[in-house]
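Peer 1: Please read through the structure below; I'll follow up with questions.
The values are calculated or read from the model by the stated rules, or taken from the named source; none is laboratory data. Just so you know, these numbers come straight off a predicted model, no measurement behind them. Quick reminder, even Gly has a Cβ in these numbers, built from the backbone with ideal geometry, and neighbours come from all protein chains shown.
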Ligand code: PMP
């Protein structure tokens, strides 16, 4: 089938506005490790996809899914060993306090259940989120989608605070003073929720602020924000749909700060492409919620999903992928800093492990976002056979986030291609 025909059929069925990457959309037919192949047989280095975290079509995960699918797949109201085997292994990799699991099929549902639990636990409604974020597509979670709503909440009982950003700092501040300025906004939001009678239920943020563009956080921001939220009786929810399973060079994104959330939500990489997501929480909170609310998810935690999740954890462990993300990631980051010495358009290089944000600016003093250049660079890279994307409220931050089996040779290929693409801008 040719690409034009496929596009026409897709437009008719899914709509022209359904998001598609690149000026010339890509028709992918095969994946293997860090490589993707299009319908014409052209090979692309995948530096974008975090869902196939341990590598596209990893044989161990494919085998686990196939074996279980050939034996039994069914909804989740029967006893099955897979869910407990997986749940015990997963929670065993987290702080002891995070011991109870709600499995879902999407990150959106995981955040939905987290919001419901926080509101149930506190008996209050108010949720704080950042002003350039996205956490999913249910009605309650969409209320937090400030990234697509000019920084404003998109529904009731939500207040957005500025995300912590050391590159474009609030009021030009730095260090602890910058941290305090951001914390002041959280304090004000909590006070306003209380005055308005909404009450304060908690704060839902991504601990690495992935959709915001991976900002370098001012000192102790997460520690102090969590303490503030808890002191006001709120629940700390970390959305680790993007930052988990080794992505940042640690198993969990929150390990970088040492702050353990009360609820942790997971998704994208959890099943390496199989739709598996969930919320992990403290037992008292989870049990109290279960006592009062009939929460049931037909597919969430089914035997095949749990087999996939378990296989993902096994691969991460057996192949040392967390360490790999850390080691290869530091090579890439050093290379990105070198490129920044050569190309003035690179305003800032950020990220850890195998997750990078490269902010493009028209000039380094004014920091005017170079949005068009980011789009052009991403398209140029695709033409050269390397897939990356872009993020941030100005859409000017190159986003690179390959499967974490990315090796040194792939890092070299990425960096030489970036050099070439920047030289063409
Ligand atoms: N949380 C974050 C941080 C995300 O980036 C996304 C998706 N981009 C979601 C939640 C929603 O996940 P899903 O699309 O699986 O519902």
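Peer 1: So which residues in region 158-173 are in contact (Cβ under 8 Å) with a residue 12 or more places away in the chain and part of a helix (DSSP H, G or I)?
Peer 2: Of everything in region 158-173, just one residue is in contact (Cβ under 8 Å) with a residue 12 or more places away in the chain and part of a helix (DSSP H, G or I), namely 170.
Peer 1: Determine whether residue 316 is crowded, with 21+ Cβ neighbours inside 10 Å and closer than 26 Å to residue 105 by Cα.
Peer 2: It is true that residue 316 is crowded, with 21+ Cβ neighbours inside 10 Å and closer than 26 Å to residue 105 by Cα.
Peer 1: Report whether or not residue 48 is within 22 Å of the chain's Cα centre (by Cα), more than 30 Å from residue 233 (Cβ to Cβ) and surrounded by fewer than 23 Cβ atoms within 10 Å (Cβ to Cβ).
Peer 2: Criteria met by residue 48.
Peer 1: Further question on the same structure: Go through region 113-146 and report how many residues are buried (at least 22 other Cβ atoms within 10 Å of the Cβ), within 11 Å of the ligand (Cβ to nearest atom) and either part of a helix (DSSP H, G or I) or more than 18 Å from the chain's Cα centre (by Cα) (or both).
Peer 2: 2
Peer 1: Look through 300, 278, 286, 309 and report the one residue that is in contact with a strand residue (DSSP E or B) (Cβ under 6 Å, 6 or more places away or on another chain), part of a helix (DSSP H, G or I) and in contact (Cβ under 8 Å) with a residue 60 or more places away in the chain.
Peer 2: Sole residue among the options that is in contact with a strand residue (DSSP E or B) (Cβ under 6 Å, 6 or more places away or on another chain), part of a helix (DSSP H, G or I) and in contact (Cβ under 8 Å) with a residue 60 or more places away in the chain: 286.
Peer 1: So for region 150-157 (the condition being part of a helix (DSSP H, G or I), surrounded by fewer than 22 Cβ atoms within 10 Å (Cβ to Cβ) and more than 16 Å from the ligand (Cβ to nearest atom)), does at least one residue qualify?
Peer 2: Among the residues of region 150-157, not one is part of a helix (DSSP H, G or I), surrounded by fewer than 22 Cβ atoms within 10 Å (Cβ to Cβ) and more than 16 Å from the ligand (Cβ to nearest atom), which makes the answer no.
Peer 1: Quick check on region 203-235: of everything there that is within 16 Å of the ligand (Cβ to nearest atom) and outside any loop (DSSP other than H, G, I, E, B), which residue is surrounded by the fewest Cβ atoms within 10 Å (Cβ to Cβ)?
Peer 2: The qualifying residue surrounded by the fewest Cβ atoms within 10 Å (Cβ to Cβ) is 222.
Peer 1: Next question. Can you tell me how many residues within region 325-354 are more than 22 Å from residue 389 (Cβ to Cβ) and either assigned to a loop (DSSP other than H, G, I, E, B) or under 19 Å from the mean Cα position of the chain (by Cα) (or both)?
Peer 2: Qualifying residue count for the region: 2.
Peer 1: Within region 355-416, considering only strands (runs of 3 or more DSSP E) that don't extend past its boundaries, which have at least 3 residues that are touching a strand residue (DSSP E or B) at 6+ places or on another chain (Cβ under 9 Å) and surrounded by fewer than 17 Cβ atoms within 10 Å (Cβ to Cβ)?
Peer 2: none
Peer 1: Taking region 1-32 as the search range and keeping residues that are in a helix (DSSP H, G or I) and at pLDDT below 90, which one is nearest to residue 273 (Cα to Cα)?
Peer 2: Of everything passing the filter in region 1-32, 3 is nearest to residue 273 (Cα to Cα).
Peer 1: Out of the residues in region 74-112 that are within 16 Å of the ligand (Cβ to nearest atom) and assigned to a strand (DSSP E or B), which is nearest to residue 281 (Cα to Cα)?
Peer 2: 102
Peer 1: Another question about this same structure. Is it the case that residue 28 is touching a strand residue (DSSP E or B) at 6+ places or on another chain (Cβ under 7 Å) and within 18 Å of residue 300 (Cα to Cα)?
Peer 2: It is false that residue 28 is touching a strand residue (DSSP E or B) at 6+ places or on another chain (Cβ under 7 Å) and within 18 Å of residue 300 (Cα to Cα).
Peer 1: In region 259-273, is there at least one residue being over 20 Å from residue 55 (Cβ atoms), part of a helix (DSSP H, G or I) and in contact (Cβ under 8 Å) with a residue 40 or more places away in the chain?
Peer 2: no
Peer 1: So residue 244 clears everything in (1) surrounded by fewer than 22 Cβ atoms within 10 Å (Cβ to Cβ); (2) under 25 Å from residue 148 (Cα atoms) except one condition, right? Which one?
Peer 2: (1)
Peer 1: Another question about this same structure. Select from region 174-202 the residues that are in contact with a helix residue (DSSP H, G or I) (Cβ under 7 Å, 6 or more places away or on another chain) and either crowded, with 20+ Cβ neighbours inside 10 Å or part of a helix (DSSP H, G or I) (or both) and list them in ascending order.
Peer 2: Matches in region 174-202: 178, 179, 181, 182, 183, 186, 187, 200, 201, 202.
Peer 1: Does residue 238 fit the bill of being at positive phi, within 16 Å of the ligand (Cβ to nearest atom) and surrounded by 18 or more Cβ atoms within 10 Å (Cβ to Cβ)?
Peer 2: So residue 238 does not fit the description; no.
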